[in-house]
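Encoded as structure tokens, the structure appears first; notes follow it.
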Amino acid sequence: MILLQSHSRFLLQTLLNRVQNLEKAVELDYHWVEFNDVRYHMLVSMKNPNIVLLSVSLPTPPPEVVFMSGLPFGAVEAIKAAYGVAVQILDPPRDGFNLTLKLNLAKLPPNEEHRYALLVKIASVREVVLGAPLRVVLKHLVSRTIVPAADQVLALVHRPKESFFLVSQPDKVTVVFPMRFKDSIDTAFATSFLQEFVEARHTAGLNNAPPCLWSPTPPLELKEAPAEALSANAGFVSFVIFPRHVEGKKLDRTVWNLSTFHAYVSYHVKCSEGFMHTRMRRRVESLIQALDRAKPGGEEKKKSPSSRSFKRLSLKEARANSIS
């Protein structure tokens, strides 16, 4: 199984190309969209070739998710902590976007390794912003506390008008995903995949992984969640996160894996569907070949020497044939 990368490959490659060609004043105006409807806009002008304006549009939040100034709570603090003086938040952002960052390439670290690490972090802006609330909750879990003034059931956006839920306790955090799919075939594949996913947790090599549960109905932890947010045609997946799962460097990986869990499932559902279609096509082709071989062939007419016919050519025709 494949895990999605936290950084945008296109954004990282564009930033690296820009850093390597600072002496060339070029104008850039790029728009692109990545999974879960996260939109980007990158702008570089001829007058200020060292300044990069990066705007990000997040998925539309459902009613149960609360944004603060257009961003998830904790996003501003997470941006300042991750990028330092090299990045400035512009207020207000560009029209149609939730966030606009002003990146000064002249303030990047002189050390090549540190500079590359910072560019990778900038290319991971969706993780920094969308994962900020989850990161705050899990940081409190490390110290076995609960986020002050936070709801017991916290809804976080991860797809357009769709959310997942956090239920915090001092010694654990339960993360619940309502799994929704538009296509009935995708729903059937996802339901089977998730049930096998839960069973795989019981193998010997995954004893330290977070406990995982699947149920067709909402778990009891979501009894206080709004009813309209609990519609799921592929059931509900729950992960129980303990302090050992977010200690040290495990925190970043846990935040990203949870934030993109639905995309992870969707990717493997589509791969499974494509694999099944390939197998079906090959099977049909083999059956057609078997039917073709089973057809009775007509007897070929055998020509006897006596049945041959000859045409007498004139001298002129014979010369023409010999020349050709």
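The values are calculated or read from the model by the stated rules, or taken from the named source; none is laboratory data. Note that this is a predicted model, so its numbers are computed, not measured. Virtual Cβ from ideal backbone geometry, glycine too; neighbours counted across all protein chains shown. Ligands, DNA and RNA are excluded from the accessible area calculation, which covers all protein heavy atoms including side chains. Shrake-Rupley method; radii C 1.70, N 1.55, O 1.52, S 1.80 Å.
Take the conditions of a type in the set (V, I, T) and either out of contact with any strand residue (DSSP E or B) (no Cβ under 9 Å at 6 or more places or on another chain) or open to solvent by less than 20 Å² (accessible area, probe 1.4 Å) (or both) and apply them to V153. Does it pass? Against the criterion (of a type in the set (V, I, T) and either out of contact with any strand residue (DSSP E or B) (no Cβ under 9 Å at 6 or more places or on another chain) or open to solvent by less than 20 Å² (accessible area, probe 1.4 Å) (or both)), V153 does not qualify. Taking first residues from the stretch 129-143 that are more than 18 Å from P59 (Cβ to Cβ) and partners that are hydroxyl-bearing (S, T, Y), the Cβ contacts under 9 Å between residues at least 6 apart in sequence or on separate chains come to V137/S168; L138/T254; H140/S168; L141/S168. Residues that are part of a helix (DSSP H, G or I) and without any contact (Cβ under 8 Å) to a residue 60 or more places away in the chain were ranked within the stretch 10-30; the one that is farthest from E112 (Cα to Cα) is F10. Taking the criterion of being open to solvent by 40 Å² or more (accessible area, probe 1.4 Å), closer than 26 Å to V157 by Cβ and modelled with pLDDT under 90, would at least one residue in the stretch 47-60 satisfy it? Scanning the stretch 47-60 turns up no residue that is open to solvent by 40 Å² or more (accessible area, probe 1.4 Å), closer than 26 Å to V157 by Cβ and modelled with pLDDT under 90.
Of V125, V120, all but one fail to be open to solvent by 20 Å² or more (accessible area, probe 1.4 Å), at pLDDT 90 or above and closer than 20 Å to L53 by Cβ; the exception is V120.
Quick grid of which residues meet (1) open to solvent by 50 Å² or more (accessible area, probe 1.4 Å); (2) under 21 Å from Q88 (Cβ atoms); (3) modelled with pLDDT under 90:
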position: L3; (1), (2), (3): yes, no, yes
position: S8; (1), (2), (3): no, yes, no
position: Q13; (1), (2), (3): yes, no, no
position: P62; (1), (2), (3): no, no, no
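The residue that is most open to solvent (accessible area, probe 1.4 Å), among those in the stretch 217-257 that are of a type in the set (D, E, K, R) and part of a helix (DSSP H, G or I), is R253.
Across the stretch 174-208, the qualifying residues are those that are in a loop (DSSP other than H, G, I, E, B) and touching a residue at least 12 places away in the same chain (Cβ under 8 Å), and the one among them that is surrounded by the fewest Cβ atoms within 10 Å (Cβ to Cβ) is N208.
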